Amino acid sequence: MASVTFTLSDLRLSTLRAAANRIIPADDYPGAADAGAVEFILRLLNTDLAGEQLTYVHGLAGIEAESQAAHGQSFASLTAPQQDALLGNIEADRVQADWIIAPLAFFPMLVEHVLESFYADPQNGGNRDGVSWKMIGFRAEGGTW
Amino acid sequence: MVNDRPPSDCDVIVIGAGAAGGIVAAVLAEAGKSVLLLERGGKNDPTATTGRDHLRNQRLSAYGVNAGPDVADHPRVAVLSDGRSLLVRPHEVGYQNNAACLGGGTRVYGGMAWRFMPQDFRMASSYGVPDGSSLADWPIAYEDLEPFYQRAEWEIGVAGESGADRFAGPRKKPYPLPPVASSPQRVVLERGAKALGLNTFPAPMLINTIAYNGRPACGKCGMCVGFACPTDGKNGTQNTMIPRALATGRCTLVTGAMAQKIHTDPQGRATFVSFFIGDQLHTCAARAVVCSAGAIESARLLFNSATDRNPHGLGNDFDQVGRNLQGHVYTGALGVMADPVYDGVGPGVVIATTQFNHHNPGIVGGGLLANDFIKLPIIFVKWAMPPGQRRWGLSAKQYIRENYRRTIHLAGPIHDIPSPEARVTVDAFVRDRWQIPVARVSGTTHPESIRAADFLRRKAEQWLFASGAKNIWSYPPRLTLSAGQHQAGTCRMGIDPRSSVTDPWGRVHGHENLFVMDASVHVTNGGFNPVLTIMALAFRSASRLAESM
């Protein structure tokens with residue numbers, strides 16, 4: 001795996017972490033970011049999805065701008081219900097801030113990547129310790145391949 | 001011998017070491033012929049693992065593939081149904097990928113081992129020819145292939161319950177291996193099938209349910225589709241026929257070898273093949289050449305071997321090469337049971353019916369239905385969530401948690417009704433790293449395939465309902481091309497050179513020592529996974545070639 005050369009600013013990372021933890025929130029099992037979603041996405045953005053780096057930069061900026069417009073504070077500092085409502089508006093394309101990238105060119109992709117991080121194999125950087133597999137009862141094989 | 005120093009001449013060159021090529025090489029080598037077996041995949045490590053990446057495998061190729069072809073070196077041009085042409089890589093939409101490695105698709109397949117039915121060989125005379133389709137009868141019958149189905153079942157290794165499929169053609173010998181064990185899904189689905197009067201039985205599988213042919217039993221890990229088998233209990237050509245070919249000492253296998261051109265003399269006889277190993281060009285002369293590169297690459301190679309005598313490609317004087325590209329429209333339905341029906345025991349396919357392959361009022365053909373292989377969790381999330389189910393938030397997490405083990409998916413392939421407009425050509429502009437024109441894939445299946453798929457999905461829904469499933473759903477089939485793993489039809493066999501590419505033994509019309517032995521020769525592709533038919537035809541055609549040399 002290539003070493004990480006592309007990364008996001010601290011603000012964008014905090015937005016991504018917060019959004020991932022609402023896309024798959026913690027209950028008695030961890031949330032997506034707690035299980036490695038940010039690491040999974042950064043790895044993809046440095047390899048197979050290098051072409052989407054700017055989509056992420058602008059998309060995460062859009063979420064943050066939306067939060068500032070609606071609440072005057074950063075997305076990561078909102079309550080969970082506020083975050084859910086805001087992401088729901090973005091999913092429905094109801095936005096008030098200026099978005100450089102269309103909200104629907106980003107949010108569905110973000111959801112899919114977070115799902116991939118949480119339910120695919122831990123070797124991809126998410127699903128730490130196979131938590132999602134334990135949660136759903138997937139009989140992950142042993143073995144050394 | 002595995003070698004990167006190919007011979008300069010041999011009796012037969014076989015291009016492609018997949019389901020057919022591995023068999024062809026073994027049959028010829030065991031008959032005393034010297035064989036050069038070329039495989040573009042695998043680089044020089046035929047034992048390479050295919051890994052366990054849930055996002056980059058033959059079943060879910062989100063960001064890459066695990067069994068070839070190399071993502072950077074093998075582009076194609078895909079013409080989508082809206083007319084756009086896209087330059088695509090093996091894991092991208094429209095590429096129609098099949099594995100390129102030692103064993104080809106058999107290395108990473110699920111391994112359903114169906115014989116076609118007798119009626120499958122005479123679709124045109126059974127149903128008539130729908131407008132715009134190229135539906136035709138095969139020039140051979142089930143009875144011609146039966147001895148070779150038997151060879152494939154015994155020499156590769158198939159597990160099944162002999163005689164349990166009431167609609168199957170006659171068989172002269174039982175399956176060599178006992179069927180896969182029952183499971184919670186089978187118990188539930190048998191109940192529903194009984195209520196509906198459906199004849200069901202364990203799906204035949206190319207899996208060692210017990211140790212066989214010197215290899216151990218399947219480890220039941222449940223990751224059959226998309227990955228190589230960790231216990232080597234799944235039977236492909238890479239662990240059966242190719243080792244037999246190599247054991248003769250008469251077969252040279254070269255992996256990482258990309259065929260460039262089949263060279264022919266002024267009489268149309270194949271004389272030698274040029275191919276690249278890395279970027280080094282090699283040639284090897286032969287008394288016969290066999291294309292076993294799959295329906296897309298075999299057609300591409302015939303196009304790219306054009307000469308003054310055959311300016312449109314070898315075997316293509318009548319514009320037949322590359323046409324009738326088909327695979328399978330898949331259909332089915334999903335439903336949710338009150339109690340978990342997941343036991344995690346692979347391969348997961350345990351119950352099937354062939355009741356809807358034929359004799360469906362107003363429908364041309366039909367297809368089998370079987371419960372699906374065990375789904376990786378991410379595949380469940382991508383493919384098995386009901387319509388309207390939110391994909392994010394706590395409710396989505398809870399849905400997946402509650403229903404991964406409760407969901408049943410019944411699925412099956414429709415006997416594709418071929419269209420001459422679904423086709424492979426070579427692109428006029430795009431070339432691969434070796435400057436070889438790439439395959440251009442265009443067209444869709446015929447609308448009759450869609451009607452049959454729509455019929456079959458309702459049958460799947462009814463079976464689920466009768467089995468006690470709730471919240472049942474399915475999707476209307478779409479008019480697309482589905483010619484990846486099951487690709488077939490581009491060099492169909494026949495008697496008349498004006499409407500076929502090869503004779504009934506795979507010999508290319510007009511080229512007495514040039515053959516196609518892979519799914520390209522399928523006239524139609526059955527309402528079944530086609531691999532056992534590919535294997536049986538390879539045994540049949542290669543045996544004939546060996547006798548004739």
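The values are calculated or read from the model by the stated rules, or taken from the named source; none is laboratory data. The structure presented is a predicted model; accordingly, all values stated were derived computationally and were not measured. Counting neighbours? That spans all protein chains shown, and the Cβs are built from the backbone with ideal geometry, glycine included.
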Show the residue pairs that are 6+ apart or on different chains and have beta-carbon atoms under 6 Å apart, the first residue being within region A:48-66 and touching a residue at least 40 places away in the same chain (Cβ under 8 Å), the second being in a helix (DSSP H, G or I). A:GLN53/A:LEU45; A:LEU60/A:ARG12; A:LEU60/A:THR15; A:LEU60/A:LEU16; A:ILE63/A:THR15; A:ILE63/A:PHE75; A:GLU64/A:THR15; A:GLU64/A:PHE75
Give me a count of the residues in region B:360-373 that are within 14 Å of another protein chain (Cβ to nearest Cβ) and either in contact with a Phe, Trp or Tyr (Cβ under 8 Å, 6 or more places away or on another chain) or without any contact (Cβ under 8 Å) to a residue 40 or more places away in the chain (or both). 0
Determine, yes or no, whether B:PHE356 is in contact with a Lys or Arg (Cβ under 7 Å, 6 or more places away or on another chain), crowded, with 24+ Cβ neighbours inside 10 Å and not in a strand (DSSP E or B). yes
The residue that is farthest from the other protein chains (Cβ to nearest Cβ), considering only those in region B:393-403 that are of a type outside the set (Lys, Arg), within 25 Å of B:SER183 (Cα to Cα) and surrounded by 14 or more Cβ atoms within 10 Å (Cβ to Cβ), is B:TYR399
Within region B:159-173, how many residues are in a loop (DSSP other than H, G, I, E, B), in contact (Cβ under 8 Å) with a residue 40 or more places away in the chain and closer than 23 Å to B:PRO347 by Cα? 4
Only one of (1) within 14 Å of another protein chain (Cβ to nearest Cβ); (2) surrounded by fewer than 23 Cβ atoms within 10 Å (Cβ to Cβ); (3) of a type in the set (Val, Ile, Thr) is not met by A:ILE63, so which one is it? (2)
Yes or no: region B:49-70 includes at least one residue that is modelled with pLDDT under 95 and touching a strand residue (DSSP E or B) at 6+ places or on another chain (Cβ under 6 Å). yes
Go through region A:121-141 and count every residue that is touching a residue at least 60 places away in the same chain (Cβ under 8 Å) and either among the small types (Gly, Ala, Ser) or assigned to a loop (DSSP other than H, G, I, E, B) (or both). 4
Just for strands (runs of 3 or more DSSP E) wholly inside region B:1-108: which have at least 3 residues that are touching a Lys or Arg at 6+ places or on another chain (Cβ under 9 Å)? B:9-15, B:76-79, B:85-88
When you go through B:ARG390, B:ARG431, B:ARG406, B:ARG423 one by one, which is the residue that is basic (Lys, Arg), surrounded by fewer than 16 Cβ atoms within 10 Å (Cβ to Cβ) and touching a strand residue (DSSP E or B) at 6+ places or on another chain (Cβ under 9 Å)? B:ARG431
Being under 9 Å from the mean Cα position of the chain (by Cα) and either away from chain B (no Cβ under 11 Å) or in a helix (DSSP H, G or I) (or both) is the filter here, so list the residues in region A:1-39 that pass it. A:THR15, A:LEU16, A:ARG17, A:ALA18, A:ALA19, A:ALA20, A:ASN21, A:ARG22, A:ILE23, A:ALA33, A:ALA37, A:VAL38
Identify, please: which residue in region B:203-220 is crowded, with 24+ Cβ neighbours inside 10 Å and assigned to a loop (DSSP other than H, G, I, E, B) and is, among those, nearest to the other protein chains (Cβ to nearest Cβ)? B:CYS218
Find all pairs meeting these conditions: Cβ atoms under 6 angstrom apart; at least six residues apart or on different chains; first residue within region B:22-39 and closer than 17 Å to B:LEU532 by Cα and modelled with pLDDT of 95 or more; second residue of a type in the set (Phe, Trp, Tyr) and buried (at least 24 other Cβ atoms within 10 Å of the Cβ). B:ILE23/B:PHE539
Log entry, pairs with first residue in region B:297-311 being without any contact (Cβ under 8 Å) to a residue 40 or more places away in the chain, second being surrounded by fewer than 19 Cβ atoms within 10 Å (Cβ to Cβ) and assigned to a loop (DSSP other than H, G, I, E, B), beta carbons closer than 7 Å, six or more apart or on different chains, reads B:ALA306/B:HIS312
Any idea which of B:PRO347, B:PRO340 is within 14 Å of another protein chain (Cβ to nearest Cβ), buried (at least 23 other Cβ atoms within 10 Å of the Cβ) and assigned to a loop (DSSP other than H, G, I, E, B)? B:PRO347
